[in-house]
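These notes are about the structure you will find just below.
The values are calculated or read from the model by the stated rules, or taken from the named source; none is laboratory data. Remember, predicted model here, so these are calculated numbers, not experimental data. Quick reminder, even Gly has a Cβ in these numbers, built from the backbone with ideal geometry, and neighbours come from all protein chains shown. Surface accessibility is based on the protein's heavy atoms, side chains included, excluding ligands, DNA and RNA. Shrake-Rupley method; radii C 1.70, N 1.55, O 1.52, S 1.80 Å.
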Amino acid sequence: MVSVCFYLHVHQPIRIKKFSIFDIGSGKGYFDEEKNKFYLDRIARKSYIPTNKILLELIKKYDFKVSFSITGVLLEQLEKYAPEVLKSFQDLVDTGNVELVSETYYHSLAWVFSKDEFRRQVKLQEKKLKELFGQKPKIFRNTELIYNDDMGKVVSDMGYKAVMTEGTEKILEWRSPCYVYEASGSNIKLLLKHYRLSDDIAFRFSTPYWNEYPLTADKYASWINATPGNVINIFMDYETFGEHQWKETGIFEFLKHLPREILKNPNNEFVLPSEVIKKFKPVATISVPFLISWADTERDLSAWIGNEMQRTAARELYSLENDVLKTKDKSIISDWRKLQTADHFYYMCTKWFADGDIHKYFNPYESPYEAFISFMNILNDLKNRIRGDSMSKYLENVPDDKVFWCRDGQIFKNLKELLFGLEKMSDETFKFHVSKEKNDFANWIRDVIGDEKLAKDIMKSRTKKSLMKKLSNRIKKLEK
Amino acid sequence: MRVLMLGWEFPPKHIGGLGIASYELSKALSKKGVEIFFVLPGDPGKDYNFLKIISTYVEAVNSPLTPYAGTSMSLNFFNLPREVDNFALGVEKIAKRLIDEGIDLIHAHDWMTFKAGLLAREVLHVPLILHVHSTEIDRSGGNPNPYVYNIEKEGMEKADLVIAVSNFTKKRIVEYYGIPEEKIKVLYNAIEVPKKVKRKKFRSKVVLYLGRFTLQKGPDYFLKAAKKIIQKDPDVTFLMVGEGEMLGEMIEKACRLGITDKVFFTGRVPDVNEFYSIADVYVMPSVSEPFGLTALEALSNKVPVIISKQSGVSEVLSHCLKVDFWDVDDIANKILSVLKYSPLKKMLEENGFTEVKNFSWDKQADKCIEYYKEVIKKIKA
């Protein structure tokens, strides 16, 4: 008897805009509504709408079961741009043959950078699933099936019964992915992706030079029949249907016929992940001390944090955690979280064009470098918003018609030049500008530079020394 | 294989990319057994062991040719038509002497040598390849000098094969000269990466411009970007290396913008490597750049590059930032980003250096020989 556990991951990021250094502090939004709507409309038309229709027919016709994880960021976009697609997912869940799998709301790498934020995002996802589908998830999958033993412990403590991850030889060694295993250090169960059978559909389906091409449903069913074990975990991106594999490849016909072909063998059945762990006892314990994922041949995190730009962007983003949460500002917190979506880091990946081929993967940016620039500029804008002002602008040059004309002929365009100029300034000149009646420097700083705090601070300074000290301290602080 | 090559400039005296490219290509070709008779209007003042240099100035004693002196072409433009004609006559004489040398083809670099190429073909009856390093359309910013344009057009129409330094240039030749696409082959320029790269500290961050001061190279866009950057980050120095007809205008413009304390004009310099060694980023804002060899030079000196999309080199480089020359905001944004975000600078520098190592003249010479063989076969058939 072989059980087939068919699971699809549904996700679209909220893409960010091209954001220039000159946009910092301008109040420009981070997310590209127009582009996001465009991509969502396209994928709904090409993939979500036709695939959900087929899945619903299959459930009505056969004892077909499927599980989904739908990211919070996608659900948000569906609510906003495609409520009819959301409805079609709800209809599927209402059949009772669909199980929802939990994850981080923002499809983030939070597990790698902040355990607290990870827990918060899982909670947010649970809340969203409850609200839209009325289901409380029992099974967990992390972004890109990233997993290690410690994560197993944490989600076990959160009440999850099983975790889905990659059935890579890195952890299985000689063992088969077609059994239930137990995690080392917690008693959470592991459901391991059968990557060969999964990738036959997800990646190889339409590859003409593949020796099994064309792949038909009965051929695939014969492979299922020939696979020993308790359960075959077929995990893939939902977008396989209609987007990664276009309609023209015959992928929809394949999907339509697959359940019938598999169920032709009376020993086969479709199962939901939570049924798998009820039905089968774990055969062994598996230890995963290091992070794994379902990505690339390396099965690691190098596509997201493999280069220095990616690591810097991620570290800087997560270093803002406390400051962001302290603001209690909903829009700041939500923007910060949307920036955590793993796709933003994926767009900065350079490992694919080691061989000069930059067209191997989809990237909304012209290059990984452009992705990094916009992301970092947005991060700096976010920092300004967290601080409640944009102090760094006080260090900039003032317009040419607002420069400070000093009595001794010096001209100051910014605070640093003022500090430098004060050093050289004679006491006589200083006294001309600063007296009981007036303080030209303070006025200029208040009216032109705009730094009221500093202006107030030095208003009372009567000596060059004290003014310079205050000014230099302020510059140091602004430069941080 | 024996090739009669016609050039205009040659190291150590050279003006720009043309001299370097024809020198490096000849060197790589001769390593592969191609024998080159290289004819120049002047005497480079140095002997090379890998090819035979013949100077029309030395050979054709009776012609009143001005020796090549390393001045900018535009400055003595009024003498140029005469020099071009004299060169052609000199080459014709030389070709006559080479009749029994078994020359297989003629390879002529840029328009100044096209007339000479045609005359030599009359004498030798071998295929003529014209190598286009830049067109009059690029150099003139769309207002071609009819004299130069006609020489280019006629030459390319009559040649057996045209080699363009990029697809960008190939497209120009098709669109502006009406040459059929199948007659044009692309041969990119390359670079030999120095064994040791020198890096030196400078007192501030350095943004480098290096090129002739002409409309084609876009120095005014560089200045406008500099103005924007200085307002954001006063701790940046802009170095503008080179000379040309727009130099005076650019200096005046820097004064008007009030940025003369941050922008420095060096004029012509003996060693550009000194400037690469202190640069944090190299910017090539060309309006129309057939190739853009300096981008490869900068990368081979571990300097990250920002290049105009309106350039040939942008077809072959991935590890760089690309801009539209007119988008001053974007140029300024990218320069500031490289200066501000150290991982960006580091990765552009390291990956760019790795990438540029793959551009070898050796590979380009193989390709060039392929083109030679094709054209010889075609003409025989």
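What to note about this one:
- Every condition in (1) more than 43 Å from the chain's Cα centre (by Cα); (2) closer than 15 Å to A:K393 by Cβ holds for A:W444 except the one numbered (2).
- Out of B:H125, B:H109, sole residue that is more than 24 Å from B:L25 (Cβ to Cβ) and at pLDDT 95 or above: B:H125
- Test result for B:I259, of a type in the set (A, V, I, L, M), within 14 Å of chain A (Cβ to nearest Cβ) and open to solvent by less than 30 Å² (accessible area, probe 1.4 Å): yes
- Any chance A:Y179 is within 30 Å of A:K123 (Cβ to Cβ), in a loop (DSSP other than H, G, I, E, B) and among the aromatic types (F, W, Y): no
- Residue match in region B:150-159 (condition: touching a residue at least 40 places away in the same chain (Cβ under 8 Å), outside any helix (DSSP H, G or I) and either closer than 30 Å to B:M246 by Cα or touching a strand residue (DSSP E or B) at 6+ places or on another chain (Cβ under 9 Å) (or both)): yes
- Among the residues of region B:1-44, the one identified as in a loop (DSSP other than H, G, I, E, B), modelled with pLDDT under 80 and either under 16 Å from B:A108 (Cα atoms) or more than 21 Å from the chain's Cα centre (by Cα) (or both) is B:G42.
- Pairs where the first residue, in region B:344-358, is in contact (Cβ under 8 Å) with a residue 12 or more places away in the chain and the second is among the polar types (S, T, N, Q) and surrounded by fewer than 23 Cβ atoms within 10 Å (Cβ to Cβ), C-beta under 6 Å, 6+ apart: B:V356/B:S300
- Residue match in region A:210-223 (condition: open to solvent by less than 60 Å² (accessible area, probe 1.4 Å), closer than 22 Å to A:E99 by Cβ and touching a residue at least 12 places away in the same chain (Cβ under 8 Å)): no
- Note on region B:329-360: residues that are open to solvent by less than 10 Å² (accessible area, probe 1.4 Å) and more than 20 Å from A:I378 (Cα to Cα) total 3.
- Contacts under 6 angstrom Cβ, first residue in region B:82-95 being over 12 Å from B:V39 (Cβ atoms) and open to solvent by less than 10 Å² (accessible area, probe 1.4 Å), partner among the small types (G, A, S) and part of a helix (DSSP H, G or I), 6 or more apart: none
- Residues satisfying the stated conditions in region A:31-48, i.e. open to solvent by less than 10 Å² (accessible area, probe 1.4 Å) and either under 23 Å from A:E396 (Cβ atoms) or within 15 Å of the chain's Cα centre (by Cα) (or both): A:N36
- Enumeration of residues in region A:1-29 that are of a type outside the set (A, V, I, L, M, F, W, C) and open to solvent by 10 Å² or more (accessible area, probe 1.4 Å): A:H11, A:Q12, A:R15, A:K17, A:K18, A:S20, A:D23, A:G25, A:S26, A:G27, A:K28, A:G29
- Region A:432-464, residues that are open to solvent by 70 Å² or more (accessible area, probe 1.4 Å) and modelled with pLDDT of 90 or more: A:F432
- Scanning region A:410-431 for residues that are in a helix (DSSP H, G or I) and either open to solvent by less than 10 Å² (accessible area, probe 1.4 Å) or farther than 27 Å from B:I230 by Cα (or both) yields A:L415, A:L418, A:G421, A:L422, A:D427, A:E428, A:T429, A:F430, A:K431.
- B:S314 passes every criterion in (1) within 18 Å of B:T135 (Cβ to Cβ); (2) hydroxyl-bearing (S, T, Y); (3) at pLDDT below 95 apart from (3).
- Count - residues of region B:222-241 that are touching a residue at least 60 places away in the same chain (Cβ under 8 Å) and away from chain A (no Cβ under 14 Å): 1
- Of all residues in region A:303-324, those that are more than 14 Å from chain B (Cβ to nearest Cβ), within 30 Å of A:R387 (Cβ to Cβ) and not hydroxyl-bearing (S, T, Y) total 6.
- Residue in region A:221-233 that is aromatic (F, W, Y), closer than 24 Å to A:D150 by Cβ and either within 14 Å of chain B (Cβ to nearest Cβ) or assigned to a helix (DSSP H, G or I) (or both) present: no
- Filter result (small (G, A, S) and either buried (at least 24 other Cβ atoms within 10 Å of the Cβ) or over 17 Å from B:L247 (Cβ atoms) (or both)) within region B:265-313: B:S277, B:A279, B:S286, B:S288, B:G292, B:A295, B:A298, B:S300, B:S308, B:S311, B:G312
- If you go through region B:295-307 and keep only what is touching a strand residue (DSSP E or B) at 6+ places or on another chain (Cβ under 7 Å) and either part of a loop (DSSP other than H, G, I, E, B) or under 15 Å from B:F325 (Cβ atoms) (or both), you end up with B:A295, B:V303, B:P304, B:V305, B:I306, B:I307.
- Check on B:F78, at pLDDT below 95, on the phi < 0 side of the Ramachandran plot and part of a helix (DSSP H, G or I): yes
- The residues listed here are A:E126, A:E166; of these, the one that is open to solvent by less than 40 Å² (accessible area, probe 1.4 Å), among the acidic types (D, E), farther than 16 Å from A:C5 by Cβ and at pLDDT 95 or above is A:E126.
- Counting only helices (runs of 4 or more DSSP H) wholly contained in region A:26-100, the ones carrying 2 or more residues that are acidic (D, E) and modelled with pLDDT under 95 occupy A:33-43.
- Count of region B:331-372 residues which are more than 12 Å from every other protein chain (Cβ to nearest Cβ) and farther than 25 Å from B:P194 by Cα: 4
- Restricting attention to region A:394-409, the residues that are surrounded by 17 or more Cβ atoms within 10 Å (Cβ to Cβ), in contact with a strand residue (DSSP E or B) (Cβ under 8 Å, 6 or more places away or on another chain) and more than 11 Å from chain B (Cβ to nearest Cβ) total 2.
- Test: residue in region A:279-302 that is assigned to a helix (DSSP H, G or I) and within 14 Å of chain B (Cβ to nearest Cβ): no
- Residue count for region A:234-246 satisfying the condition of being in contact with a strand residue (DSSP E or B) (Cβ under 9 Å, 6 or more places away or on another chain) and either acidic (D, E) or open to solvent by 10 Å² or more (accessible area, probe 1.4 Å) (or both): 4.
- B:S318 assigned to a helix (DSSP H, G or I), within 14 Å of another protein chain (Cβ to nearest Cβ), closer than 14 Å to A:Y369 by Cβ and of a type in the set (S, T, Y): no
- Across region B:285-312, the number of residues qualifying as more than 17 Å from B:R139 (Cβ to Cβ) and under 12 Å from the mean Cα position of the chain (by Cα) comes to 3.
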